[in-house]
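Q: Please see the structure below; I have some questions.
Every number here is computed from the coordinates shown, using simple stated rules; none is lab data. None of the values given here were measured: they were computed from a predicted structure. Every residue, glycine as well, gets a Cβ built from its backbone with ideal geometry; the counts of neighbours run over all protein chains shown.
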Amino acid sequence: MVPPPRTSGTLTSVPLYWCAYGPAGAPRVLVVHGGPGAHHDYLLPQMLTLANRFELIFYDQRGGGRSKTDGHETITWRTHVEDLDRVVGELGIEPLNVVGYSWGGLLSSLYAIEAAAGRVAHRPARLVLIDPAAMNRAYRAQFEAEFARRQASPEVARLREELAASGLRERDLEAYRLRAFELSVAGYFADPRSAKDLTPFRVMGRVQQSVWDSLGDYDLLAPGQLDSVTVPSLVLHGREDPIPLASSEACADRLRARLIVIEQCGHVPYVEQPGALFPPIEEFLAAIA
């Protein structure tokens, strides 16, 4: 069950939904969800572990969740960087401490690079990247191949066959859809059965494709990219994430950041290994408390 936020609203500059959890007046942390084209809810309730000590600000990125658009505009990575800057400015999130997950980790990295170059109005003070999306196109291709392999594995195929033969679709359509969602994300997990503990979400395919297309043959590991970012950073990565560990290793190297590899964990450590994920993040963010 996802609890309601303490407060919420919509930006006045662009129609982006935002919400806050945790005690008002506590050090603030901006949490950037994955996707692209998804929404913040699927990070909950587990990510609220951090709300015991910090005020967490979430927002739905343009084109997804409660920030849906009319479907006519082109949404690119630059759109998302500019929107993140608007969120920070309008909500007054200073100092800017960012926790980015999956695509949100890549978006946070792009934002930090733009900030280092003076192309956005605000600069991050601290950066936490949780299983960030692949840092270049080559690692992205490796991820896509590995995820496809896992989704076609005998174990997942057997689970799909069991669902098809169960008659659940006829008995309880909502339960069937939930189980189908779990199987659609099984390849992200070290243990596919853990997918049942992930809050279901929807990705807007048009937005997702538009953003990845806009990145082209991107490479944040190239000279002048991540190595231009000088803020204190922490990178965490599940050992069994389909996104190559080498991508996060190189990312941490360029950022001169500490890398924590979480064992027995895939792409969703806040579900699979919260006990290994949250303590080092809380320790890292303690400097702002």
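Q: In region 63-169, what GluC sites (Glu not before Pro) fall in a loop by DSSP, with at most 15 other Cβ atoms inside 10 Å?
A: Sparse-neighbourhood loop GluC sites (Glu not before Pro): Glu73.
Q: Would you mind computing, in nm to one decimal, how far apart the modelled labels at Ala287 and Ala145 are, each placed 7 Å from Cα along Cα→Cβ?
A: Output for this residue pair reads 3.8 nm.
Q: Starting from 0.36 nm per residue, how many nanometres of slack lie between Thr12 and Arg137 once their C-alpha separation is accounted for?
A: 41.5 nm
Q: Still on this structure, I have one more. So how much slack lies between Glu170 and Lys68, counting 0.36 nm per residue of separation and subtracting their Cα-Cα distance, in nm?
A: Length difference between fully extended and current span is 33.6 nm.
Q: If a paramagnetic tag sat 7 Å from the Cα of Gln264 along the Cα-Cβ line, which residues of region 180-204 would have the backbone N under 15 Å from that point?
A: 190-194, by backbone N distance to the label point.
Q: Something else now. Could you tell me which GluC sites (Glu not before Pro) in region 207-289 are loop residues by DSSP with no more than 16 other beta carbons within 10 angstrom of their beta carbon?
A: Those that pass, being in a loop and sparsely packed, are Glu263.
Q: Further question on the same structure: Convert each backbone phi in region 278-288 into a coupling constant with the Karplus relation 6.51 cos²θ - 1.76 cosθ + 1.60 (shift: θ = phi - 60°), then list the ³J(HN,Hα) values in order as whole Hz, x for Gly and Pro.
A: Once θ is set to phi - 60°, the couplings for region 278-288 become 6, x, x, 5, 4, 5, 5, 7, 4, 5, 9 Hz.
Q: Next question, about the same structure. So what's the convex hull volume per residue for the Cα atoms of the chain, in Å³?
A: With only Cα atoms used, the chain gives 127 Å³ per residue.
Q: Something else: Skipping prolines and chain starts, which residues have an amide H placed within reach, meaning under 5 Å, of the one on Gly238, given they are 5 or more residues away or on another chain?
A: The list, which skips near neighbours in sequence, is Asp131, Ile262.
Q: Over the alpha carbons of region 144-197, what is the largest minus smallest coordinate on each principal axis, giving the biggest first in Å?
A: 34, 21, 16
Q: What are the residues whose amide H is under 5 Å from the amide H of Val128, where those residues sit 5 or more places off or on another chain and H is modelled from the backbone?
A: Val98, Val99, Gly100, Leu234
Q: Go through region 136-210 and name the trypsin sites (Lys or Arg not before Pro) that are in a DSSP coil and have 16 or fewer other Cβ atoms within 10 Å of their Cβ.
A: Listed in order of number, the matching sites are Arg202.
Q: May I pose another question? What shape does region 205-289 take by its C-alpha gyration tensor, where a ≥ b ≥ c are the square roots of the eigenvalues and a/c under 1.5 counts as rounded, a/b above b/c as prolate, and the rest as oblate?
A: oblate
Q: Per DSSP helix of 4 or more residues, -39500 (n - 2.57); summed, then divided by the residues of the chain. What does that give at 222 nm, rounded to the nearest 500?
A: Helix contribution divided over all residues of the chain: -11500 deg cm²/dmol.
Q: Rounded if a/c is under 1.5, else prolate if a/b beats b/c, else oblate: with a ≥ b ≥ c from the C-alpha gyration tensor eigenvalues square-rooted, which is region 219-258?
A: oblate
Q: Report the gain in length on full extension from Ala152 to Gln209: 0.36 nm times residue separation, minus Cα-Cα distance, nm rounded to one decimal.
A: 18.3 nm
Q: Only bridges whose two residues both fall in the chain count here: according to DSSP, what percent of them are antiparallel, nearest 5?
A: 30
Q: Hey, another quick one. Where is the GNM fluctuation largest for the chain (alpha-carbon springs, 10 angstrom cutoff): Gly187, Gly100, Gly167?
A: Gly167
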